[in-house]
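> Sending over a structure as C-alpha cells; questions will come in a sec.
The values are calculated or read from the model by the stated rules, or taken from the named source; none is laboratory data. Predicted model, so just to flag it, every value in this text is computed and none were measured. Here the Cβ positions follow ideal geometry from the backbone for every residue, glycine too, while neighbour counts run over all protein chains shown.
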Amino acid sequence: MPNILWITGGRVIDPANNRDAIGDVCVIDGKVSAALTEDQQRSANKIDATGLVVAPGLVDIHVHFRDPGQTHKESIRTGTEAAAAGGFTSVICMPNTSPVCDNAGTIQRIMDKVARVAVVNVYPTGCLTLEMEGKRLAPTGQLKTAGVVAMTDNGKCVQSHEIMRRAVEYAKMFDLTIMDHCQDETQTEDAVMNEGEWSLRLGLRGWPKFAEDIMVARNVLLAELTGAHIHMQHISSATSIDIIRRAKGRNIRVTAEACPHHFEFTDADLKDYDTNLKVNPPLRTDADRESIIGALKDGTLNCIASDHAPHTPTEKDCEFDYAPLGIIGLETSLAASLHALYHSERLTLSEVVALMTHKAAEICNLDAGTLSIGATADMCLFDPDEAWTVDADKFYSKSRNCPWHGKSLKGKVKATYVAGHAVFDGQSIII
Ligand code: DOR
Ligand code: ZN
C-alpha cells in the first residue's frame, strides 16, 4: 500500500514555481504528486489545512549544533528537534565543533549520528583551514567525498588573503560553495558591540562595520579572480550590502544571507546590556537594519539564515564583556522574519517564504525548498497570523539564549513534514 498524504484547502505558497493560491498538495510515498485518483483519495491520510499556509519545508543554511564536543549546549538530536519545531526540514551545520570539521573522520561521525538521531535533513560543512587556524588548508577533496556541501571557517574568518585565495581555488575545483564569515580580526580585538554612538554611551569596546566591509570586498575580488562562488554569511552592514550589490551588477559569483536578529534589532537595544543580544557580527544601526530589509526585497541578499548559536545560561549570565557571541534562532526564525518583513508590510508572504526555502537551498545546490511535482515532500504548515508569546523555556533547543524571549510574535508553525512523514504536529516532535 502506498503511503498517501492529501493536504487540502491551504494557501499553497511555492515560490520556486510561482505558486500562491488556495489548493491541495498530494504526496505519494514521500514525493509530491500532481493529483490523486479517487482510490488514492479514499486511502489517503487527509489533512485539512484551511486557514494555513502550506509551504516547502524551510531551509536554514547556517546553524551550529555543537555536536560533537559541546552537546551540553546542543546536540544533533535537540538541534534538529528545534529545527522541526521551527518549520525547518533541511539545515546546514557549521564546522566549529570540537573537534572541528577539518577531516573526513569527523564528518563521517556527524553523518552517522545524523542517520541515527536527526529528525530533519542535516548537511555538514568542512573547514577551509586545519583547526580553523587560517594557516594550512584542510583536505578539501576528502571532505567533499565525506559529504560536505560547502567549505567555511564560520565563527572565524581566514585572515591571510593568500591562504584564502588558495582555499577558494581548491573549493572551486571540487565545485563547493565557500561560505565566509567576513571579519578582519585586526579591527575587532576585544570588541563586543557595534562601534558608534551606543558603544560610546555604554562604555563598551566598538566593533566597526569596516571589519566586515573590507572582508566582503576581499571576497568579491577573490570571486572575480577565481570564478568561484563565495557566499557571505550574516551580513550586518549597509556598506557591505552596497559592495555586494555592485558585485552582482557585474555578474561576479557572490551571494549573501541575513539573520533575523540583524533585521529586527539594533545596537540601541543593547542599552540594558542584555547578553542575549551579543552576537557576531554585532547588531548595527537603524540605517543598517533598513538596508538589510531593502536588500532582502531587491535580491542583493539571497536568503535568510538563523546563525542558530547555542550557549548555556551560565556562560551568558555574566558581564557583557565576558559573554560568548551568539543567539539561538531556529524556533523563532519564521515568526521573527514575518514580524520584521511581512507584518511590517515590507515584503510579501511569498517573498519571505522564498527567502527561507528555495533561495536558501540554491546557495549550496541542496535538493530542497520546492513543492515541484516529484520533489521530496518536505513541508511546513503555518498560520502567519497566529500570535504567540515566545517562551524559551519551552524550546526544543537545549539552550535559552534567545533575544525574543517574552516577546509576542505572529506566525505559528502547525506541522512539519520530512519526505511526507510528520515530524512535528504543532505541539510535539513525532518520531
Ligand atoms: O554569533 C555567532 N556565534 N556568530 C558566529 O559566527 C559563530 C557563532 C558561534 O559559534 O557561537
Ligand atoms: Zn555562525
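> Has region 298-311 got any residue that is closer than 24 Å to ASP385 by Cβ, touching a helix residue (DSSP H, G or I) at 6+ places or on another chain (Cβ under 7 Å) and polar (S, T, N, Q)?
Looking through region 298-311, at least one residue is closer than 24 Å to ASP385 by Cβ, touching a helix residue (DSSP H, G or I) at 6+ places or on another chain (Cβ under 7 Å) and polar (S, T, N, Q).
> Could you tell me whether ILE327 is at pLDDT 95 or above, closer than 13 Å to MET356 by Cα and within 16 Å of ligand 2 (Cβ to nearest atom)?
no
> For region 50-70, give me each residue that is part of a loop (DSSP other than H, G, I, E, B), touching a residue at least 60 places away in the same chain (Cβ under 8 Å), away from ligand 2 (no atom under 16 Å from the Cβ) and not aliphatic (A, V, I, L, M).
GLY51, GLY57
> Does region 90-98 contain any residue that is away from ligand 2 (no atom under 15 Å from the Cβ) and surrounded by 24 or more Cβ atoms within 10 Å (Cβ to Cβ)?
Checking region 90-98: at least one residue is away from ligand 2 (no atom under 15 Å from the Cβ) and surrounded by 24 or more Cβ atoms within 10 Å (Cβ to Cβ).
> To continue, here is another question. Out of curiosity, is GLU362 under 19 Å from SER90 (Cα atoms) and surrounded by fewer than 19 Cβ atoms within 10 Å (Cβ to Cβ)?
Against the criterion (under 19 Å from SER90 (Cα atoms) and surrounded by fewer than 19 Cβ atoms within 10 Å (Cβ to Cβ)), GLU362 qualifies.
> Being touching a strand residue (DSSP E or B) at 6+ places or on another chain (Cβ under 9 Å) and at positive phi, is that true of even one residue in region 345-352?
For region 345-352, residues touching a strand residue (DSSP E or B) at 6+ places or on another chain (Cβ under 9 Å) and at positive phi: absent.
> Then there is this: Is it true that GLU81 is in contact (Cβ under 8 Å) with a residue 24 or more places away in the chain, crowded, with 19+ Cβ neighbours inside 10 Å, outside any strand (DSSP E or B) and within 15 Å of ligand 1 (Cβ to nearest atom)? Don't jump to the end; show me each part of the working.
On the way: in contact (Cβ under 8 Å) with a residue 24 or more places away in the chain: yes; crowded, with 19+ Cβ neighbours inside 10 Å: yes; outside any strand (DSSP E or B): yes; within 15 Å of ligand 1 (Cβ to nearest atom): no.
Spelling it out, it is not the case that GLU81 is in contact (Cβ under 8 Å) with a residue 24 or more places away in the chain, crowded, with 19+ Cβ neighbours inside 10 Å, outside any strand (DSSP E or B) and within 15 Å of ligand 1 (Cβ to nearest atom).
> Hey, any hits in region 134-144 for a residue that's buried (at least 18 other Cβ atoms within 10 Å of the Cβ), more than 29 Å from ASP213 (Cβ to Cβ), at pLDDT 95 or above and not aliphatic (A, V, I, L, M)?
Yes, the conditions are met somewhere in region 134-144.
> If we scan region 143-166, do we find a residue that is part of a loop (DSSP other than H, G, I, E, B), of a type in the set (Gly, Ala, Ser) and closer than 20 Å to ASP307 by Cα?
Here is the first cut: in region 143-166, the residues part of a loop (DSSP other than H, G, I, E, B) are 147-149, 152-160.
Now restrict to residues that are of a type in the set (Gly, Ala, Ser): 147, 155, 160.
Retained after the next criterion (residues that are closer than 20 Å to ASP307 by Cα): 155.
Looking through region 143-166, at least one residue is part of a loop (DSSP other than H, G, I, E, B), of a type in the set (Gly, Ala, Ser) and closer than 20 Å to ASP307 by Cα.
> State all residues of region 401-425 that are in a loop (DSSP other than H, G, I, E, B), over 20 Å from ASP307 (Cα atoms) and not charged (D, E, K, R); if no residue qualifies, say none.
Taking region 401-425 as the starting set, the residues that turn out to be in a loop (DSSP other than H, G, I, E, B) are 401-407, 419-420, 425.
Adding the requirement that they be over 20 Å from ASP307 (Cα atoms) leaves 406, 419-420, 425.
The answer is GLY406, ALA419, GLY420.
> What is the number of the single condition among (1) in contact with a Leu (Cβ under 6 Å, 6 or more places away or on another chain); (2) not in a loop (DSSP other than H, G, I, E, B) that THR106 does not meet?
(1)
> Sticking with this structure for a sec: Determine which member of the set ALA336, ALA360, ALA340 is under 29 Å from ARG11 (Cβ atoms) and within 16 Å of ligand 2 (Cβ to nearest atom).
ALA360
> Give me the residue from region 259-296 that is crowded, with 24+ Cβ neighbours inside 10 Å and among the basic types (Lys, Arg) and, out of that set, farthest from ASN401 (Cα to Cα).
Step by step, filter region 259-296, then rank; the result is ARG284.
Residue-wise test of (1) over 23 Å from ILE243 (Cβ atoms); (2) hydrophobic (A, V, I, L, M, F, W, C); (3) within 16 Å of the chain's Cα centre (by Cα).
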| site | (1), (2), (3) |
| --- | --- |
| ALA268 | yes, yes, no |
| ASP286 | no, no, no |
| ALA295 | no, yes, no |
| LEU301 | no, yes, yes |
| LEU330 | yes, yes, yes |
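> Quick check, is LEU200 of a type outside the set (Val, Ile, Thr), away from ligand 2 (no atom under 16 Å from the Cβ), farther than 26 Å from GLU162 by Cα and free of Cβ contacts under 8 Å to residues at least 24 places away in the same chain?
It is true that LEU200 is of a type outside the set (Val, Ile, Thr), away from ligand 2 (no atom under 16 Å from the Cβ), farther than 26 Å from GLU162 by Cα and free of Cβ contacts under 8 Å to residues at least 24 places away in the same chain.
> Run down GLU162, GLU131, GLU169 and say which single residue is surrounded by fewer than 21 Cβ atoms within 10 Å (Cβ to Cβ) and within 16 Å of ligand 1 (Cβ to nearest atom).
Testing whether each residue is surrounded by fewer than 21 Cβ atoms within 10 Å (Cβ to Cβ) and within 16 Å of ligand 1 (Cβ to nearest atom) leaves just GLU131.
> Sort out which residues of region 284-300 are in a loop (DSSP other than H, G, I, E, B) and closer than 22 Å to ALA360 by Cα, and write them in order of number.
GLY299, THR300
> Quick check, is GLU74 within 13 Å of ALA118 (Cα to Cα) and part of a loop (DSSP other than H, G, I, E, B)?
So GLU74 fits the description; yes.
> Given (1) within 16 Å of ligand 1 (Cβ to nearest atom); (2) within 18 Å of the chain's Cα centre (by Cα); (3) closer than 28 Å to MET173 by Cβ; (4) not polar (S, T, N, Q), where does VAL254 come up short, assuming only one miss?
Result: VAL254 passes all but (1).
> Inside region 173-279, counting only helices (runs of 4 or more DSSP H) that do not spill past its ends, which hold 3 or more residues that are within 29 Å of LEU143 (Cβ to Cβ), in contact with a Cys (Cβ under 7 Å, 6 or more places away or on another chain) and modelled with pLDDT of 95 or more?
Once the helices (runs of 4 or more DSSP H) in region 173-279 are filtered for at least 3 residues that are within 29 Å of LEU143 (Cβ to Cβ), in contact with a Cys (Cβ under 7 Å, 6 or more places away or on another chain) and modelled with pLDDT of 95 or more, what remains is 210-226.
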